[in-house]
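The values are calculated or read from the model by the stated rules, or taken from the named source; none is laboratory data. This is a predicted model, so every value here is computed, not measured. All Cβ positions, even for glycine, are placed from backbone atoms using ideal geometry, and neighbour counts span all protein chains on display.
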Amino acid sequence: MLFAPEKLKKLLEADMGRRRFLKIGAVAAAAGLLPFPVVQAHCFSPTRSLSLYSPNTGESFKGVYFAEGKYLPDALDKIDHVMRDIRTGDIHLIDPNLLDILFAISQKAHTTSPLNIISGYRCPATNAWLRKRSKRVSRKSMHLFGQAADLRVAGVRTASLKQVAVSIKGGGVGYYPRLRFVHVDTGPIRYW
């Protein structure tokens with residue numbers, strides 16, 4: 001399901017502060033990703049929470065990020081920090097649709113374990129550095145826009161996590177069994 005741009009604008013303006021809305025809108029427009037995809041029924045919950053852990057920094061976020069029909073700016077700021085570029089420390093806005101995908105995954109996987117975020121936002125320099133080391137890193141990675149996460153969950157097999165992510169139909173899903181993580185993003189539905 002896709003929202004028309006005007007309807008999306010009204011929803012986002014109602015859900016968050018004007019400054020954050022403008023930043024997210026600018027990033028999405030630059031990435032050519034408007035209108036945003038919406039994750040299925042899991043995300044119609046009136047309250048949404050996440051438990052995230054960055055094994056690279058030891059930092060975590062556990063709490064509600066959406067309540068009473070609104071994304072909570074303080075929670076979003078904390079999530080942006082936890083999901084920052086681990087190589088440079090650069091912080092970028094994380095797409096709320098990505099958070100909704102992560103919420104849906106945690107709900108459907110029936111886990112209380114935190115989602116281990118291997119990689120969230122990546123600045124252009126980090127993405128270029130990774131591209132030199134692997135052909136699998138895209139030049140136009142969704143990580144550059146705060147619209148992708150590489151994750152694993154303690155106690156959940158990588159193959160099972162992939163199946164859950166695919167069933168959500170929230171965007172792209174990449175399966176990396178040798179590295180033991182799953183990539184999810186807010187782009188078109190596709191699998192690799």
- Query: If you take the residues in the stretch 66-81 that are in a helix (DSSP H, G or I) and not β-branched (Val, Ile, Thr), which one is nearest to residue 94 (Cα to Cα)?
  - Reply: 80
- On the given criteria, is residue 170 surrounded by 19 or more Cβ atoms within 10 Å (Cβ to Cβ) and closer than 12 Å to residue 102 by Cβ? yes
- Please enumerate the residues belonging to the stretch 107-122 that are without any contact (Cβ under 8 Å) to a residue 60 or more places away in the chain and over 18 Å from residue 171 (Cα atoms). 110, 111, 122
- Task: Assess whether residue 97 counts as being modelled with pLDDT of 95 or more and more than 21 Å from residue 169 (Cβ to Cβ).
- Result: no
- Output the qualifying pairs, or none if there are none: Cβ atoms under 6 angstrom, residues six or more apart or on different chains, first residue in the stretch 47-62 and free of Cβ contacts under 8 Å to residues at least 60 places away in the same chain and part of a strand (DSSP E or B), second residue of a type outside the set (Gly, Ala, Ser) and surrounded by fewer than 13 Cβ atoms within 10 Å (Cβ to Cβ). 47/64; 49/64
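In the list 122, 139, which residue meets the criterion of being crowded, with 24+ Cβ neighbours inside 10 Å, closer than 19 Å to residue 186 by Cβ and basic (Lys, Arg)?
122 is the lone residue from the list that is crowded, with 24+ Cβ neighbours inside 10 Å, closer than 19 Å to residue 186 by Cβ and basic (Lys, Arg).
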- Checked against (1) surrounded by 22 or more Cβ atoms within 10 Å (Cβ to Cβ); (2) in contact (Cβ under 8 Å) with a residue 40 or more places away in the chain; (3) not polar (S, T, N, Q), residue 182 satisfies every condition except (2)
- If we keep only residues of the stretch 37-85 that are within 25 Å of residue 122 (Cβ to Cβ) and at pLDDT below 95, then the residue surrounded by the most Cβ atoms within 10 Å (Cβ to Cβ) is 39
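Of the residues that make up the stretch 92-106, is at least one touching a His at 6+ places or on another chain (Cβ under 7 Å) and either within 22 Å of residue 176 (Cα to Cα) or without any contact (Cβ under 8 Å) to a residue 24 or more places away in the chain (or both)?
We begin by selecting, within the stretch 92-106, every residue touching a His at 6+ places or on another chain (Cβ under 7 Å); these are 103-104.
Now drop any that are not either within 22 Å of residue 176 (Cα to Cα) or without any contact (Cβ under 8 Å) to a residue 24 or more places away in the chain (or both), which leaves 103-104.
There is at least one residue in the stretch 92-106 that is touching a His at 6+ places or on another chain (Cβ under 7 Å) and either within 22 Å of residue 176 (Cα to Cα) or without any contact (Cβ under 8 Å) to a residue 24 or more places away in the chain (or both).
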- Item | Residues of the stretch 125-135 satisfying the condition of being touching a residue at least 40 places away in the same chain (Cβ under 8 Å) and not β-branched (Val, Ile, Thr) | 129
- Having 2 or more residues that are in contact with a strand residue (DSSP E or B) (Cβ under 7 Å, 6 or more places away or on another chain) and farther than 25 Å from residue 72 by Cα is the bar; report the strands (runs of 3 or more DSSP E) wholly within the stretch 89-192 that clear it. 172-176, 181-185
- Query: Restricting attention to the stretch 126-150, and to residues there that are over 20 Å from the mean Cα position of the chain (by Cα) and not aliphatic (A, V, I, L, M), which single residue is modelled with the highest pLDDT?
  - Reply: 129
